[in-house]
Amino acid sequence: MLNPFYQIVDDANWLPRFLPLGLKLVQLRIKDTSEDQLREQITYAQEQCHEYGAQLIINDYWELAIELGCDFIHLGQEDLDDADIGAIRNAGLKLGISTHDEGELERALDLEPEYVALGPVYPTILKKMHWAPQGVENVRRWKEMVDDTPLVAIGGLSVERAPDIYAAGADIICVVTDVLYNDSPEERIQEWLELGASQLGID
């Protein structure tokens with residue numbers, strides 16, 4: 001079972017700061033860098049996550065993930081266009097997929113992913129989106145459609161907004177800027193971890 005709190009980082013050097021606090025689900029999402037640097041980042045992230053018993057998910061770079069022995073990747077819809085799903089599955093990689101509308105959701109579910117992500121739930125400052133914010137009601141609708149497949153909510157989420165999103169049916173909440181852009185990232189991530197623990201019924 002995946003942890004109900006999911007942090008995305010843009011650099012593996014965040015991990016020594018976050019993993020000792022109890023972070024158990026993390027995605028390494030790096031854009032616009034060399035393959036050698038990517039290989040170093042992924043290898044370091046693997047070492048860190050192995051040491052602390054955390055699940056590492058690699059964004060996009062499925063060929064490197066296979067080469068380096070990773071076990072989980074995340075693909076966006078554009079990534080899916082170029083990915084060799086057969087090779088990914090033959091390598092034993094687990095798969096998470098981004099979705100933004102019902103057509104994308106149907107496409108994702110046909111691939112039997114380990115989770116489906118819906119976003120942006122709220123407006124996000126991270127990147128320009130082609131889609132309007134989904135809102136709480138779409139989280140509820142998506143959960144009905146995905147049934148037993150874990151649903152990840154992402155986009156503009158905060159500790160303060162999280163209870164409504166969990167209540168709407170999200171199994172997992174994923175954040176980037178709420179932690180990485182916070183004045184006190186470690187303190188903020190501890191708030192998330194406490195909230196995630198409460199979802200698991202852990203005091």
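The values are calculated or read from the model by the stated rules, or taken from the named source; none is laboratory data. Because the structure is predicted, anything quoted here is derived from the model rather than measured. Here Cβ is always computed from backbone atoms with ideal geometry, including for glycine, and neighbour counts include all displayed protein chains. These accessible areas exclude ligands, DNA and RNA; they are computed on the full protein's heavy atoms, side chains included. Shrake-Rupley method; radii C 1.70, N 1.55, O 1.52, S 1.80 Å.
Within the chain, what's the longest stretch lacking trypsin sites (Lys or Arg not before Pro) that sit in DSSP loops with no more than 10 other Cβ atoms inside 10 Å? Of all site-free stretches, the longest is 32-126. Prolate is the label for segment 64-108, because a/c, from the alpha-carbon gyration tensor with a ≥ b ≥ c as root eigenvalues, is 1.5 or above and a/b exceeds b/c. As a length-normalised measure over Cα pairs under 8 Å and 6 or more apart, the relative contact order of segment 92-191 settles at 23 percent.
Is segment 52-153 rounded, prolate or oblate when judged by the Cα gyration tensor, a ≥ b ≥ c being the square roots of its eigenvalues, rounded requiring a/c under 1.5 and prolate requiring a/b larger than b/c? Note, shape of segment 52-153 comes out prolate.
For the chain, a Gaussian network of Cα nodes joined below 10 Å ranks L193, L28, L68 by mean-square fluctuation, and the top entry is L68.
Among the chymotrypsin sites (Phe, Trp or Tyr not before Pro) within segment 99-191, those in coil by DSSP and having at most 15 neighbouring Cβ atoms inside 10 Å are W131, Y181. Accessible surface area normalised per residue over segment 1-41 is 48 Å², counting heavy atoms of protein chains with a 1.4 Å rolling probe. Toward the positive end of the charge dipole of segment 50-203, with +1 on the Cβ of Lys and Arg and -1 on the Cβ of Asp and Glu, the farthest Cα among A162, C174, A197 is that of A162. A Cα-only calculation for the chain places Rg and Dmax at 15.9, 44 Å.
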